[in-house]
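What follows is calculated from the coordinates using simple rules that are stated; it is not laboratory data. If you're wondering where the values come from, they're calculated on a predicted model, not measured in any experiment. When we count neighbours, we look across all protein chains shown, and the Cβ atoms used for this are built from the backbone with ideal geometry, even at glycine.
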Amino acid sequence: MIRALAISAWFQTVIFVRLRQAMFFTIVFPAFLFVVFGFIFGTPGDTEYYLFLMTGVAGATALSDGLFAVGPVVREFYNNGFIGYVRQMPHPSAHVGGLFLSRYIVLFVVVLLLMLISLLFFGATPTPEATLRLLLAIAVGFTAFSIIGLAISFIGDRMDNGKGFGNVLYFVVIFTSPAFYPIDLINPTVARFGDFLPLTPILHFARNEAVNWWPLIVWGAVSLPVYLYSLKTRQIKR
């Protein structure tokens, strides 16, 4: 079981590395975003904002990965009949689990890259406790966002419908949550709306702030049955 999980994670990681678009949006773009926003909105010596921004970029990356890197892949497994082949293999759950494990590894690498950029460009370094909290927040967030992404991917009649809704949700979430700037100081009304979206609790937890977990729980509690029902009722290629 462990060997199958490790092999699956390895192959999923190799596939990811060979996809230039995935590499760009998961690794290059977050690093670029961190540097640009850091120089535009940050001030020399303001380590608090740089660490604030670092957690926001990491959280937004986990959100993007959860919405677009799991659901569409699993959906494609069903559409092309690959899931039937997986079910005939020993430890079939390990092959799907390898997809998740590979994404966890990639996201942890992204966090380490952002920490390195924070140190080299802005002289800001999180404490070991803050680093562990951020990694845990990213793992929890990615898991929750993946459930939402699975529901979105299986809802529409066509895969493009799911992608369109996922794109709308992604941009609404990152611009109404405190990902890149303290939105509550700029527009409290928008901030209150963002409090009901799934990314905000993850960011509060990563920053060791007071957390209201209920929005994330509600999103997960709604998305999981929607995904399971859509999977059960949809005609899947065998």
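List of remarks:
- Over all other residues within a Cβ to Cβ distance under 15 Å of residue 118, the charged ones net out to -1, with Lys and Arg as +1 and Asp and Glu as -1.
- Each peptide among 204-213, 93-102, 56-65 gets the average number of other Cβ atoms lying within 10 Å of its residues, and from highest to lowest they stand as 56-65, 93-102, 204-213.
- Sites residue 36 and residue 229 - FRET efficiency at Förster radius 35 Å, r taken between beta-carbons, to 0.05: 0.25
- Ratio of the Cα radius of gyration of segment 1-49 to 2.2 N^0.38 Å, where N counts its residues: 1.78
- Between 0 and 90 degrees, the angle of helix 29-41 with respect to the longest Cα principal axis of the chain falls at about 20 degrees.
- Peptides ranked, highest mean first, by Cβ atoms within 10 Å: ranges 110-118, 13-21: 110-118, 13-21
- When you restrict to C-alpha pairs under 8 Å that are six or more residues apart and normalise by the size of segment 2-233, the relative contact order lands at 27 percent.
- R0 of 25 Å, Cβ-Cβ distance residue 119-residue 3: FRET efficiency to nearest 0.05: 0.10
- Among the listed values [x] 29, 22, 18; [y] 32, 21, 15; [z] 38, 19, 16, the one matching semi-axes √(5λ) of the Cα gyration tensor in Å as calculated from this structure is [y].
- Top of 147, 40, 217 by mean-square fluctuation, Gaussian network on the chain, Cα under 10 Å: 40
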